[in-house]
Amino acid sequence: MELQCTIEVNAAKERIWPYYADPAKHYIWEEDLEDITLDGALQTGTTGKMKLKEMPEMLFTLTEVIEEASYCDRTDVPGMGSLFFEHRILRENGKTYIRHGVRLEKEGFAQGDLEFLSGVFADVPGSMMIIKREAER
């Protein structure tokens, strides 16, 4: 089960990439972020921790990092399954886009899973608009 959003950004990918690559810049666009750390370099396989407001600390693993193209990670949520977060910079027809997606993987889905995923995704479009605003400055 997956939800995603794509928006055009009038900026080069080099202006967008730092908002994904630099953990300190995550505080700009992830408004409920209290803390984030990486246990190594920004590369596929690196693990880290993040703390969101009113949530317990969560562990994540970077599942795909491609310089100036993608930043994807996985967080296992006890009792719910695995959440995969996708952040991509795309170039199509001379335009630049960002695409963010959230995918839930687990055995069998129920209505409650859609509600859970929708809740996780709710802040995504707003976060993307912050990146757009910052990158276009």
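The values are calculated or read from the model by the stated rules, or taken from the named source; none is laboratory data. It should be emphasised that the depicted structure is a prediction, and the values quoted were computed from it without experimental measurement. Ideal geometry is used to build each Cβ from the backbone, glycine not excepted, and the neighbour counts take in all protein chains shown. Protein only, heavy atoms only, side chains kept; ligands, DNA and RNA dropped before computing areas. Shrake-Rupley method; radii C 1.70, N 1.55, O 1.52, S 1.80 Å.
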- V9, sole failed condition from (1) touching a helix residue (DSSP H, G or I) at 6+ places or on another chain (Cβ under 7 Å); (2) more than 12 Å from I98 (Cβ to Cβ); (3) in contact (Cβ under 8 Å) with a residue 12 or more places away in the chain; (4) open to solvent by less than 50 Å² (accessible area, probe 1.4 Å): (2)
- Within the stretch 43-50, can one find any residue that is under 28 Å from L114 (Cα atoms) and of a type in the set (K, R)? yes
- Count, please, the residues in the stretch 13-49 that happen to be open to solvent by less than 50 Å² (accessible area, probe 1.4 Å) and either small (G, A, S) or part of a strand (DSSP E or B) (or both). 7
- Message: Exactly one of these conditions fails for L104: (1) closer than 19 Å to K132 by Cα; (2) in contact (Cβ under 8 Å) with a residue 24 or more places away in the chain. Give me its number.
- Response: (1)
- Pairs only if they're at least six apart or on different chains, beta carbon under 6 angstrom, first in the stretch 85-97 and without any contact (Cβ under 8 Å) to a residue 60 or more places away in the chain, second open to solvent by 60 Å² or more (accessible area, probe 1.4 Å) and assigned to a strand (DSSP E or B); list them, first residue then second. R88/R99
- Note on the structure: Q4 passes all but one of the listed conditions (1) in a strand (DSSP E or B); (2) farther than 22 Å from P125 by Cα; the exception is number (2)
- Query: Could you list, in sequence order, the residues of the stretch 68-89 that are open to solvent by 30 Å² or more (accessible area, probe 1.4 Å) and over 15 Å from the mean Cα position of the chain (by Cα)?
  - Reply: V77, P78, G79, M80
- Query: Does L52 fit the bill of being surrounded by 16 or more Cβ atoms within 10 Å (Cβ to Cβ), out of contact with any Asp or Glu (no Cβ under 9 Å at 6 or more places or on another chain) and either in contact (Cβ under 8 Å) with a residue 40 or more places away in the chain or hydrophobic (A, V, I, L, M, F, W, C) (or both)?
  - Reply: no
- Query: Restricting the first residue to the stretch 122-137 and requiring it to be surrounded by 14 or more Cβ atoms within 10 Å (Cβ to Cβ), which pairs with a second residue that is assigned to a helix (DSSP H, G or I) meet a Cβ separation below 6 Å and a spacing of at least six or different chains?
  - Reply: S127/W29; I130/W29; I131/Y19; I131/W29; A135/R15; A135/I16
- Given E92, E105, which one is touching a Ser or Thr at 6+ places or on another chain (Cβ under 7 Å) and surrounded by fewer than 18 Cβ atoms within 10 Å (Cβ to Cβ)? E105
- Message: Step by step: first the residues of the stretch 111-121, then only those that are over 17 Å from the mean Cα position of the chain (by Cα) and open to solvent by less than 60 Å² (accessible area, probe 1.4 Å), then the one that is farthest from L33 (Cα to Cα). Which residue is that?
- Response: G112
